[in-house]
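What follows is one structure encoded as structure tokens, with my remarks underneath.
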Amino acid sequence: MSDDYASGSKVLSRSLQDDNFPIKWENDEEKNLMWWYDDLHVPKPVSPMYATFCPWWDTDATSSLSYMYRRFWAPFGKRWLGKIINGYVYTAVVPRDPQDAKLATSYYSSIIPFYADKFLKWWNDRLLPEVEGNLQYLDNYPYERASLKELLYVLEESLDIFDRHWRLHWILSLAQIQSFLQFKSVYKEIFGTIDEEEIGKILLSVDDKNWDSMEALWKLKNQIKQSVALRKIFQEPKDKPAERTLHRLKLSSRGKKFLRSLSEYTRVYGNKSLYTHELIYPTWKENPAAVIQVLKGFLEIDYDYPKDLRRVKETRDLAIKKIFAKLSVGAGKKRLKEALDLATKMAPLTPNHHFYFDQGTHARIRRIFLEVGDRLTKANIIDDREDIFLLTYDEMRALAVDCNAYDARKIVSNRKEEMKRQAELQPPDWVGTATQWATYEEPFKQNWGFPEKFERELGNVGVKEIRGIAASPGVSEGIARVVKSPEEIDLVQPGEIMVCQMTNPSWYSVFPKLKALVADAGGVLSHPAIISREFGIPSVVGAAVGTRLIKSGQTIRVDGDKGVVSILDQSTSRN
């Protein structure tokens, strides 16, 4: 422990250099911030194009994050910076001056409840139509007829849309978070304490784009189940690729009819990849084989969407009934109901904004870049359209008007090798300077599993027990399936325990298979925690080293009450 101060707060620990993970600091200001590994959004080495075109973190005073701090005069920081270290994204929040923070607190605490109360109407009446119009514009643009210069123009248009959507993202997020906080505040005022498990059962969404997508998949599954011809096509050995199933569907009249239904599904719900905060991963719309693989899993377990949705509703309604049964009629009951009604109405905004912003906007941007990649490939500047993501945005722009501006093939080749080397590294949870404020008072870091990750001494963790954060109650034992890449998610078998770095709403369809979940990333309000509670499976998040210490095929126990994962044997018999 250190007694010195940084950024106006007491220093708890410093981690400025690591021989296995070298860090280049630009200045002392960087060293004095606490940078945490963004394994919740970008767990893999980041592509140069994403990092230079549409990063989610703060890049300058005009970014959406600077806008968020400015618009709300948020007291819990003034900028949210990003830093690429050995290819991995680390972010840090810059604190406000104490006097400024004091004034900001007064404004923020006064204005944010108004946003929470009014935002749902703003969203439905004005903002959602704007967002849908923007996405339709990008969907319907005649890319095939566009020249390269026109595509460069559309890219700038898409960046304007991206910036606008992410400004709305932060307004929405803070309004929704406030609605949850208001409910918790009234709950605590009435009952004297907060029962996180009980509240976790209540603050769930039962009417959103995730559930809509699951219902549509369930209907596709039923189409297959009710057709002898389709069942025969889908009843192939598990080791046969989904692409073969797609090929066989094209050879029959019933299969062609089904493919039209599949195409409609991907048109609406296919604008997503398993790592949505990136540009390098193909979407379901591009690769319908991913949907075929999901449908095979749904057939194997005969997935029952109405049963799952009914269970979530019943769990929520029972928890609500229990808390109101503790109260007599009076002002407290009325205030609790008002706060609860607002929070439950706002709950769908988290999955829905992910559908439109995190998934949908990135997917459209990827498509435009692929069109540019096609033009650069035809011009013999790069070998494959996907290579465009290994360039920076300015490198791509320079090459678009002057093919000799750079040796694009050499750049791409070097960066492919560099990203392979980076993928072998083990990025630490945080670097820089951990202060009292950054570790315990800055609120956003909780979604990444702090302060628990800071407090945990990973060096003392044995190979048979991993301590994380209790995210969804219950205890379950089963076979582990470690998922470290998008390709490996198809290997998850019904009844297994998935061990992964992170999940987002694009992973929703794998949850019906799972017995439990272990995630390296996240806190109690992160996606893997919330969705585990929706599906009623035990989960431990913020495990940090789960994917390093656990092997597929091992028997593990997930204690979602205590936040402990136990490795019960060392065998890895299942492939």
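The values are calculated or read from the model by the stated rules, or taken from the named source; none is laboratory data. All values reported here derive from a predicted model rather than from experimental measurement. For neighbour counting, all protein chains shown are included, and Cβ atoms are generated from backbone atoms with ideal geometry for every residue, glycine included.
Kindly establish whether GLY82 is on the phi > 0 side of the Ramachandran plot and either in a helix (DSSP H, G or I) or surrounded by 20 or more Cβ atoms within 10 Å (Cβ to Cβ) (or both).
no
Taking the stated definitions as given, is ILE556 outside any loop (DSSP other than H, G, I, E, B), under 24 Å from GLN359 (Cβ atoms) and not charged (D, E, K, R)? Give the steps one after another, and end with the answer.
Numbers: outside any loop (DSSP other than H, G, I, E, B): yes; under 24 Å from GLN359 (Cβ atoms): no; not charged (D, E, K, R): yes.
When the stated conditions are applied, ILE556 does not pass them.
Looking at the range 409-426, which of the residues that are more than 14 Å from ILE84 (Cα to Cα) and surrounded by 15 or more Cβ atoms within 10 Å (Cβ to Cβ) is nearest to the chain's Cα centre (by Cα)?
That would be ARG415.
Step by step: first the residues of the range 174-203, then only those that are assigned to a loop (DSSP other than H, G, I, E, B) and among the aliphatic types (A, V, I, L, M), then the one that is surrounded by the fewest Cβ atoms within 10 Å (Cβ to Cβ). Which residue is that?
Just the residues of the range 174-203 that are assigned to a loop (DSSP other than H, G, I, E, B), to begin with: 192-195, 203.
Next cut, among the aliphatic types (A, V, I, L, M) only: 194, 203.
Numbers: ILE194: 12, LEU203: 22.
Among residues in the range 174-203 that are assigned to a loop (DSSP other than H, G, I, E, B) and among the aliphatic types (A, V, I, L, M), the one surrounded by the fewest Cβ atoms within 10 Å (Cβ to Cβ) is ILE194.
Check the range 166-173 and report whether any residue there is surrounded by fewer than 19 Cβ atoms within 10 Å (Cβ to Cβ), among the basic types (Lys, Arg), at pLDDT below 95 and in a helix (DSSP H, G or I).
Looking through the range 166-173, none of the residues is surrounded by fewer than 19 Cβ atoms within 10 Å (Cβ to Cβ), among the basic types (Lys, Arg), at pLDDT below 95 and in a helix (DSSP H, G or I).
Yes/no matrix, rows are residues, columns are (1) farther than 30 Å from TYR153 by Cα; (2) surrounded by 18 or more Cβ atoms within 10 Å (Cβ to Cβ); (3) within 24 Å of the chain's Cα centre (by Cα); (4) β-branched (Val, Ile, Thr):
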residue	(1), (2), (3), (4)
ALA101	yes, yes, no, no
SER106	yes, no, no, no
ASP117	yes, no, no, no
VAL131	no, yes, yes, yes
ASN140	no, no, no, no
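Which fully enclosed helices (runs of 4 or more DSSP H) of the range 315-408 have 1 or more residues being polar (S, T, N, Q) and either surrounded by 17 or more Cβ atoms within 10 Å (Cβ to Cβ) or at pLDDT 95 or above (or both)?
Details: elements: 331-346, 349-353, 362-378, 393-401.
Answer list for the range 315-408: 331-346, 349-353, 362-378.
Restricting attention to the range 502-514, which residues are assigned to a loop (DSSP other than H, G, I, E, B), of a type in the set (S, T, N, Q) and either surrounded by 23 or more Cβ atoms within 10 Å (Cβ to Cβ) or modelled with pLDDT of 90 or more (or both)?
If we filter the range 502-514 for residues that are assigned to a loop (DSSP other than H, G, I, E, B), which is where we start, we get 502-504, 514.
In the following step, the residues that additionally are of a type in the set (S, T, N, Q) were identified as 503-504.
Answer for the range 502-514, where residues must be assigned to a loop (DSSP other than H, G, I, E, B), of a type in the set (S, T, N, Q) and either surrounded by 23 or more Cβ atoms within 10 Å (Cβ to Cβ) or modelled with pLDDT of 90 or more (or both): just THR503.
Is it the case that the range 532-540 has a residue that's assigned to a strand (DSSP E or B) and either of a type outside the set (S, T, N, Q) or modelled with pLDDT of 90 or more (or both)? Lay out the reasoning, then the answer.
In the first step, residues of the range 532-540 are kept if they are assigned to a strand (DSSP E or B); the result is 539-540.
This time we only want the ones that are either of a type outside the set (S, T, N, Q) or modelled with pLDDT of 90 or more (or both), so: 539-540.
Yes: one or more hits.
A quick yes/no check of all residues on (1) touching a strand residue (DSSP E or B) at 6+ places or on another chain (Cβ under 6 Å); (2) part of a helix (DSSP H, G or I); (3) surrounded by fewer than 22 Cβ atoms within 10 Å (Cβ to Cβ):
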{"site": "LEU12", "(1), (2), (3)": "yes, no, yes"}
{"site": "PRO22", "(1), (2), (3)": "no, no, yes"}
{"site": "GLU26", "(1), (2), (3)": "no, no, yes"}
{"site": "GLU29", "(1), (2), (3)": "no, yes, yes"}
{"site": "VAL46", "(1), (2), (3)": "yes, no, no"}
{"site": "ARG71", "(1), (2), (3)": "no, yes, yes"}
